[in-house]
Amino acid sequence: MPLDQTPPPPPDSDGGEPSTRLGLPDGVPLTMSPPISPGRLFLLFSSLAMIGFGGVLPWVHRSLVDRRRILTQAEFAEIFAFSQLLPGPTICNLAIIVGYRRCGLAGGLAALSGMVVPPAIGVLGIAVLYDRYGGTGLVSDVLRGMSVVAVALICSMAIKMARAMPRTLRAGVFALAMFAAIALLKWPLVAVMLGLGTFAVVVQKNPDGGAR
C-alpha cells in the first residue's frame, strides 16, 4: 500500500458503513454511524418499542450503543440524564434528541412517532386480551417472569453505563449522593439532579479535576 494512503475505518458490528463524526464539539469521543433517514429512524424506534417488553430503555441502549453504534456510552449517559430533566416520558425525550441530532426536526418527529404510535396500537389490542384472559394462572406466571427479565436488563444497562463514567473519587461521591437521595431518602428526582448538577458544575471549575 502506498505511504500516502490510509486504510478505511472498519465497519460497525452490524456490517454497515464505516462510522463518521457529527458536528459536535471536538474532544468528545464518538463512534457514529452514517446519517439515518427519517423513515429508518421511524422503523428503528418502532421495532425497539415493539420488542421492549419489560422496559424499552435497555433495548434502546443495546441497539444504539452496542450494535449500531449510533451513540457512545458517554453520549448515551449524557442524553439519558438530560432526558430525565425534561417533562414527559424519558424514553420519548431520548428518542426525540437522538432523532433530531441525526436528521433534524424530521428525524426527531420520526423517532418519536416510531416510539409511540405502533406500541399504542399494540397495547390497545393486548389490553383487550388481558381484560379477558388476565386472571388465568398462565398469564400471571408470564408477567412475573417478564418482571425478572426487566430487572436483569436494567441492571446490565446500568453496569455498562457505569463502566463508561470517569473512575474518579469525585464521580463516585456524586454517584453515591444521587443514589442515597433518590433510593434511600426518596427525594424528588428533578430537584436532586438540578441540585447535584449545579454543584458539579461549580466543583468542575477546579482545574485539577479532583482526587483520583
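The values are calculated or read from the model by the stated rules, or taken from the named source; none is laboratory data. In this text the structure is predicted, and so the values were computed from the model without any measurement. Virtual Cβ from ideal backbone geometry, glycine too; neighbours counted across all protein chains shown.
Structure summary
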quantity	calculated
From G197, G104, G145, G125, residue being at positive phi and either without any contact (Cβ under 8 Å) to a residue 40 or more places away in the chain or not in a loop (DSSP other than H, G, I, E, B) (or both)	G104
Top-ranked residue of region 59-98 - restricted to ones that are in a helix (DSSP H, G or I), in contact with a Gly (Cβ under 9 Å, 6 or more places away or on another chain) and free of Cβ contacts under 8 Å to residues at least 60 places away in the same chain, ranked as nearest to A164 (Cα to Cα)	V60
Candidate set from region 128-142 (those that are β-branched (V, I, T) and part of a helix (DSSP H, G or I)); member that is farthest from F45 (Cα to Cα)	V139
Count of residues meeting criterion [surrounded by fewer than 18 Cβ atoms within 10 Å (Cβ to Cβ) and either part of a helix (DSSP H, G or I) or modelled with pLDDT of 85 or more (or both)] in region 45-56	3
Some residue of region 153-166 being under 16 Å from A49 (Cβ atoms), of a type in the set (G, A, S) and in the same structural domain as L57 (by TED's automatic domain parsing)	no
Number of positions in region 186-206 that are polar (S, T, N, Q) and either closer than 14 Å to V173 by Cα or surrounded by 14 or more Cβ atoms within 10 Å (Cβ to Cβ) (or both)	1
Unique residue being of a type in the set (K, R) and under 10 Å from the mean Cα position of the chain (by Cα) when the list is R67, R62	R62
Exclusive hit being more than 14 Å from R40 (Cα to Cα) and at pLDDT 90 or above, set L105, L112	L105
Single unsatisfied condition, P8 versus (1) in contact with a Pro (Cβ under 7 Å, 6 or more places away or on another chain); (2) modelled with pLDDT under 85; (3) closer than 30 Å to L196 by Cβ	(3)
Meets criteria (modelled with pLDDT under 85, of a type outside the set (S, T, Y) and surrounded by fewer than 18 Cβ atoms within 10 Å (Cβ to Cβ)) for G134	yes
Qualifying positions in region 151-178 - over 19 Å from the mean Cα position of the chain (by Cα) and part of a helix (DSSP H, G or I)	L169, R170, A171, G172, V173, F174, L176, A177
